[in-house]
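Here is the structure we will look at, set down as structure tokens.
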Amino acid sequence: MGDGIGRYRGTGSKLGQWLRRRPKRTAADDDNRREKLLLAIADAGLPLAPAAYPVGYRCSCERIGCPTPARHPVSFAWQTQSTTDRPQIERWARNEPEANFVTATGMVHDVLDVPLDAGRAALERLLDQGVDVGPVAESAESAGDGGRMLFFTATRGTPEDEDEWWPCELDCHPETMDEHPGLRWHCRGSYVLVPPARLIGDEDEHPEVTWVRGPEHALPDPLNLLETLTDACARHAAEREERQDEHEIAWR
């Protein structure tokens, strides 16, 4: 866990140290570390709510054909349930030691969610340019997902110079995830998993969601990142298409 922490210039942090795998770590150590990470997210102002978790190759919700196994909130009232209240988060963490957590977007923050390879390239470019990048998380490759990188930004909300909530064709909601294989913009009405989270895997090992840059980093304006992210996604899509074409040619 956390192999990506500190991989990029300027990404080192105390949270990064907590994420490094330590030998002979006990269950109590894991619980304490998990609780500290969740409280750090709440302290940064990002509202949390409990989510499903993996049970082998299944989702803990036990719904047959669950469309987003181990990635969805437990309650249908997750938007109103989401909170930064430390005692409540401590209770959830202790009563549900296996649970993942989601953060509701569009309240305090948005998330720009891109394919992992594109995100890594974009992050390196942004840091080289001296752009203020906020918290960044990696979602490892899991069943049906090639891995994602999550850029946490300030929410656009309802800008003062606009009459209505700002619309965008990149807006992403949980039920439309498959429609946005490139860049997904999570804003009002959506959510993302936060570290530490486990994804669907085998019985002994699960892919994870981990911090690359922790929540102690200030949230940037999403428009400061958008051009670089969209460019990286376009390059990623073109390279993937080129590889597919080469593969088809090789098999002819």
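Just need a number here: residues in segment 101-159 that are under 21 Å from residue 79 (Cβ atoms), small (Gly, Ala, Ser) and at pLDDT 95 or above. Number satisfying all stated conditions: 2.
For segment 27-71, which positions are open to solvent by less than 50 Å² (accessible area, probe 1.4 Å) and closer than 21 Å to residue 155 by Cβ?
Filtering segment 27-71 down to residues open to solvent by less than 50 Å² (accessible area, probe 1.4 Å) leaves 33-35, 37-42, 44-52, 54, 56, 59-60, 66, 68-70.
38, 40, 41, 42, 44, 45, 46, 47, 48, 49, 51, listed by residue number.
Contact annotation: residue pairs with Cβ atoms under 7 Å, 6 or more positions apart or on different chains, pairing a residue in segment 218-240 that is open to solvent by less than 30 Å² (accessible area, probe 1.4 Å) with a partner that is hydroxyl-bearing (Ser, Thr, Tyr) and not in a helix (DSSP H, G or I), are 220/153; 222/153; 225/153.
The values are calculated or read from the model by the stated rules, or taken from the named source; none is laboratory data. Since the structure is predicted, the reported quantities are computational estimates derived from the model, not experimental observations. Cβ: placed from backbone, ideal geometry, glycine included. Neighbour counts: every protein chain shown. We work out accessible area using only protein heavy atoms, side chains counted, and drop any ligands, DNA or RNA first. Shrake-Rupley method; radii C 1.70, N 1.55, O 1.52, S 1.80 Å.
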